[in-house]
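These notes concern the structure reproduced below.
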Amino acid sequence: MGGNSEPGRVKMEEERAWRGTANREEGSMGAMKGRGAAFNPPNRFEQLIYQPLDIQLDYEDERPPFRTHFFDDTSRTILAKNDSPDISFTYSINPYRGCEHGCVYCYARPSHEYLGFSAGLDFESKIMVKRNAPGLLEAAFRKKSWVPQTVTISGNTDCYQPAERLFRLTRGCLEVFQRFRNPAGIITKNALILRDLDLLQEMARLNTVHVLISMITLDPDLVRTMEPRTASPGSRLHTINELAKHNIPVGLNLAPVIPGLTDQEIPALLKAAADNGATAAAFSAVRLPGAVEPLFIDWIKRTFPDRAEKVLNRIRSTHEGKLNDSRFGSRMTGKGQIAKVINDLFTLHASRHGLDKGWDELATKHFRRDANEQGELF
């Protein structure tokens, strides 16, 4: 699938150089089919960057085919630990780095800069694949130091992004979770999760899994431009319905709420999720860290030129005049009057539809360190 070969790296640099011919005033070339970002902002760690040319080239509109490239990730561990007081879990796993879903607002985009890529088009087209993820997870569970606890799948990028159809690493990891009976919480916006109903049902019988389906709008046209390679809203509601019918605890992850653009949909989203069997809900406010800021500004000005400043100003109002807030305690919910209105609206309608109770804690009592390949469920 490409690997970290020099030809692949050269090809990557050629694509970056071509994308550097973007219009200087706007900072992008405009919408690219199937992509959320329209350009590659500079990597904060790189000394060499590409700048747009000051001249107009005759072939500037002759774009080469823009494909996704996969590279082997040689990480030696799979469990990522966090100590943020804003996050309910301690450990997470991400079988992939980078995400083809291409959500323009994604807070994880800047993490790609640590790999020498850009947070823009690179993030959604240069995907690092942890082929040994299931083996690394099994090794972690076998360690005597491992204390069984819930591990979140998709703490950074979506575990059911399009690459999963090819590599099946998330399914491989789920097989490890099921075999060791270690609980897992899954967050995704892709209907591909239904492929793994067999494993999820087995885990649900022991109360060792729950699922959050992320949605921020019921408008399919908005999804196509803002989250270009994700499942449609209808497909996500169907996914909630199917999971619920198979007795798998499922909830709505309303994240991120974008004031002035999607906040008015909170009541309808919560009702639709509840009507399809969701039993819990959570939300977070949009924030635009690092290179996500210019990407989102470019996108909103291209997509909603008449509303762009209104949306940006409302985001700023929830982060004390800025488009990002990295402070614990406020970064996930925001501050100020608009943030309070959003929180109150969510709280009211979550309660109205019975989505405010939360779930019981997932079970750890069934964990077994000596799990074998053919381990029985009971």
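Looking across the range 251-267, the residues that are under 26 Å from G185 (Cβ atoms), more than 16 Å from the chain's Cα centre (by Cα) and free of Cβ contacts under 8 Å to residues at least 60 places away in the same chain come down to T262, E265. Can you confirm whether the range 268-289 contains a residue that is surrounded by 13 or more Cβ atoms within 10 Å (Cβ to Cβ), touching a residue at least 60 places away in the same chain (Cβ under 8 Å) and touching a Cys at 6+ places or on another chain (Cβ under 9 Å)? The answer is no, given that none of the residues of the range 268-289 is surrounded by 13 or more Cβ atoms within 10 Å (Cβ to Cβ), touching a residue at least 60 places away in the same chain (Cβ under 8 Å) and touching a Cys at 6+ places or on another chain (Cβ under 9 Å). Kindly indicate the residue of the range 319-357 that is modelled with pLDDT under 95 and of a type in the set (S, T, Y) and also nearest to L261 (Cα to Cα) among those meeting that condition. Result: T333. If you go through the range 116-149 and keep only what is of a type outside the set (A, V, I, L, M, F, W, C), in contact with a strand residue (DSSP E or B) (Cβ under 8 Å, 6 or more places away or on another chain) and crowded, with 20+ Cβ neighbours inside 10 Å, you end up with S125, K126, K130. I'd like to verify a number: residues in the range 256-312 that are in a helix (DSSP H, G or I), hydrophobic (A, V, I, L, M, F, W, C), in contact with a Gly (Cβ under 9 Å, 6 or more places away or on another chain) and more than 21 Å from A119 (Cβ to Cβ), how many? Counting residues in the range 256-312 that are in a helix (DSSP H, G or I), hydrophobic (A, V, I, L, M, F, W, C), in contact with a Gly (Cβ under 9 Å, 6 or more places away or on another chain) and more than 21 Å from A119 (Cβ to Cβ) gives 2. From the residues in the range 290-300 that are in contact with a helix residue (DSSP H, G or I) (Cβ under 8 Å, 6 or more places away or on another chain) and surrounded by 22 or more Cβ atoms within 10 Å (Cβ to Cβ), which one is nearest to K357 (Cα to Cα)? Per the stated criteria, the residue is V292.
Residue pairs, Cβ under 9 Å, 6 or more apart or interchain, first in the range 176-192 and farther than 20 Å from A231 by Cβ and among the aromatic types (F, W, Y), second at pLDDT 95 or above and part of a helix (DSSP H, G or I). List them. These pairs meet every condition: F177/L137; F177/F141; F177/L199; F177/M203; F180/L137; F180/E138; F180/F141; F180/R142. Can you find a residue that is touching a residue at least 24 places away in the same chain (Cβ under 8 Å), polar (S, T, N, Q), under 30 Å from D370 (Cα atoms) and in contact with a Ser or Thr (Cβ under 9 Å, 6 or more places away or on another chain) anywhere in the range 212-231? No. A count restricted to the range 151-187 and to residues that are within 19 Å of the chain's Cα centre (by Cα) and not in a helix (DSSP H, G or I) stands at 17.
The residues listed here are T225, T239, T230; of these, the one that is assigned to a loop (DSSP other than H, G, I, E, B) and hydroxyl-bearing (S, T, Y) is T230. The residues in the range 333-348 that are in contact (Cβ under 8 Å) with a residue 12 or more places away in the chain and of a type in the set (K, R) can be counted, and the count is 1. Name the residue that is farthest from the chain's Cα centre (by Cα), counting only residues in the range 309-323 that are crowded, with 17+ Cβ neighbours inside 10 Å and not basic (K, R). Only one residue fits best here, namely S317.
Can you spot a residue in the range 28-44 that is modelled with pLDDT of 80 or more, more than 21 Å from the chain's Cα centre (by Cα) and among the hydroxyl-bearing types (S, T, Y)? Scanning the range 28-44 turns up no residue that is modelled with pLDDT of 80 or more, more than 21 Å from the chain's Cα centre (by Cα) and among the hydroxyl-bearing types (S, T, Y).
Might you check whether a residue that is of a type outside the set (S, T, N, Q), free of Cβ contacts under 8 Å to residues at least 24 places away in the same chain and touching a helix residue (DSSP H, G or I) at 6+ places or on another chain (Cβ under 6 Å) occurs anywhere in the range 308-319? The answer is yes, given that some residue of the range 308-319 is of a type outside the set (S, T, N, Q), free of Cβ contacts under 8 Å to residues at least 24 places away in the same chain and touching a helix residue (DSSP H, G or I) at 6+ places or on another chain (Cβ under 6 Å).
The values are calculated or read from the model by the stated rules, or taken from the named source; none is laboratory data. Keep in mind it's a predicted model, so treat the numbers as computed, not measured. Ideal geometry is used to build each Cβ from the backbone, glycine not excepted, and the neighbour counts take in all protein chains shown.
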